[in-house]
């Protein structure tokens, strides 16, 4: 009996009535479905079905030049986009404009100073519950593990030799 595969649509000779897939798709139906969906998306993209049919005339956000696009873009090219992001980038911690302090943003996580980077690390550690106070010197530190009691090797040695820990 001739049947059509439910995944790829190819015709095949079915030996049983309950058979739904061809020999290729029947070995691993889930992988065949994923591959077929991926192929359909590639075909739609190549045929232009995923984008608007009419071109849009837009103005670049950075240079103000007019450009034509079929997609929802804001910049005339990658260079304008990169320069715009560098010019408008702000420190994720204090929100100061990075160009105003002389820092060129290489990513969205670029900070304006080492102090800002340390402050952001401290806030993150506090949020995650890793901010600790040393049992020997009462200095605040970021612990790697939940059982960290000392800020460094020196305090750890002093704490272990003395046998007494200062209660905070």
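FYI, it's all coordinate maths here, none of it is from the lab. Note that the structure is predicted; figures quoted are calculated from it, not measured. In this analysis, Cβ positions are derived from the backbone assuming ideal geometry, glycine residues included, and neighbour counts consider all displayed protein chains.
Note on the chain: Kirkwood hydrodynamic radius from all Cα pairs is 23.2 Å, rounded to one decimal. Extension gain for the segment residue 94 to residue 126, taken as residue separation times 0.36 nm less the Cα-Cα distance, is 9.8 nm to one decimal. Using C-alpha pairs under 8 Å with a sequence gap of at least 6, the mean separation divided by the residue count of the chain gives a relative contact order of 9 percent. Pop a pseudo-label 7 angstrom from the Cα along the beta-carbon direction at both residue 23 and residue 114 and give the gap in nm to one decimal. Label at residue 23, label at residue 114, 6.9 nm between them. In this simple spin-label approximation, residue 138 and residue 72 carry label points 7 Å from Cα along the Cα→Cβ vector, and these lie 5.6 nm apart.
Model label points for residue 16 and residue 54, set 7 angstrom from Cα along the Cα-to-Cβ axis, are 5.5 nm apart. Extension gain for the segment residue 6 to residue 149, taken as residue separation times 0.36 nm less the Cα-Cα distance, is 45.3 nm to one decimal.
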